[in-house]
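Asks: Have a look at this one before I ask anything.
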Amino acid sequence: MADLFVPGTYWTRERADAAAARMVATMESPPMQALLSGIASAAAESGDPAAAAAELTPVARAASIATAAGPIERDACIVRRGRIEDVPALAELIIHGELPPMFIEEFVEAFCVVEHKGELIGCGGVELYGPDCAVIRSVVAHERARGLGLGGVIGRLLVDDARAYGAKEIYLFTMHALAFWEHLGFQQLELARWRPEVQVNWQYMFCSTFPQAVAGVYPMRMLV
């Protein structure tokens, strides 16, 4: 596996603040508020807010996620940073993993992307807030690539990227991967104890605004 993802080579405080500002502006827009309300209503019925977001969020179609038959060759994989042209494929891959395909473009160069012969088979992103807080999001390995340990590779690189920026606390939300994140060193932490800097994060705002829709979601934190 060729590793081209070098922690600490993208995020600066200026980029982090600008990305967060774009995200907050979009979150406050009437179309986004309507979408979030729709996701919350669907999630309250299904019990799965991530799947509801994946179902309801409109995204452009992409042809560069793993759709071919045959095994994934780990040695043929490339781990790199996301690019703006990856956004449609990343959205589809995240939907494939039944996670919310939201706010990808704002943070795309902070994504860790696994590419196999031109197809995207894994991804995960990190968002930075304030001088020393981070949120890991959208960690997915395509079902054809599962068993290769890509989730652990992605998760550790994102932690390293946040640490290289200066993060002292790294947060995330999960539903179905609690044991995976506990293995990487995260512990459950109720929303009330999240740092104020992180509370502008789009997932935090959704979970705190619509608690009835996120009963099965586990907030977590790692101290680094």
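The values are calculated or read from the model by the stated rules, or taken from the named source; none is laboratory data. All values derive from a computational prediction rather than experimental measurement. Here the Cβ positions follow ideal geometry from the backbone for every residue, glycine too, while neighbour counts run over all protein chains shown.
Asks: Working only within the range 12-37, note down all residues that are hydroxyl-bearing (Ser, Thr, Tyr) and surrounded by 12 or more Cβ atoms within 10 Å (Cβ to Cβ).
Replies: Answer for the range 12-37, where residues must be hydroxyl-bearing (Ser, Thr, Tyr) and surrounded by 12 or more Cβ atoms within 10 Å (Cβ to Cβ): THR26, SER37.
Asks: Let me ask another. Could you tell me which numbered condition VAL126 fails, if it satisfies all but one of (1) closer than 23 Å to GLY149 by Cα; (2) modelled with pLDDT under 95?
Replies: Checking VAL126 against (1) closer than 23 Å to GLY149 by Cα; (2) modelled with pLDDT under 95, the one that fails is (2).
Asks: Against the condition over 17 Å from GLU127 (Cα atoms), at pLDDT 95 or above and of a type in the set (Gly, Ala, Ser), how does GLY185 come out, does it pass?
Replies: Yes; evaluated as a whole, the condition is true for this residue.
Asks: Same structure again: Would you confirm, using the coordinates I've provided, whether ASP161 is among the acidic types (Asp, Glu) and touching a Cys at 6+ places or on another chain (Cβ under 9 Å)?
Replies: Yes; evaluated as a whole, the condition is true for this residue.
Asks: Confirm whether ALA215 is closer than 25 Å to MET27 by Cβ, of a type in the set (A, V, I, L, M), assigned to a helix (DSSP H, G or I) and over 17 Å from the mean Cα position of the chain (by Cα).
Replies: no
Asks: Which one of the conditions (1) touching a His at 6+ places or on another chain (Cβ under 6 Å); (2) modelled with pLDDT under 95 does CYS77 fail to meet, given that it meets all the rest?
Replies: Of the numbered conditions (1) touching a His at 6+ places or on another chain (Cβ under 6 Å); (2) modelled with pLDDT under 95, the odd one out for CYS77 is (2).
Asks: Determine, yes or no, whether VAL135 is under 25 Å from ALA43 (Cα atoms), without any contact (Cβ under 8 Å) to a residue 60 or more places away in the chain and outside any helix (DSSP H, G or I).
Replies: No; evaluated as a whole, the condition is false for this residue.
Asks: Might you let me know whether the range 133-154 holds any residue that is modelled with pLDDT of 95 or more, under 19 Å from GLN187 (Cβ atoms), more than 15 Å from the chain's Cα centre (by Cα) and charged (D, E, K, R)?
Replies: no
Asks: Restricting to the range 170-200, count the residues that are of a type outside the set (Asp, Glu), in a helix (DSSP H, G or I) and closer than 21 Å to ALA20 by Cα.
Replies: 7
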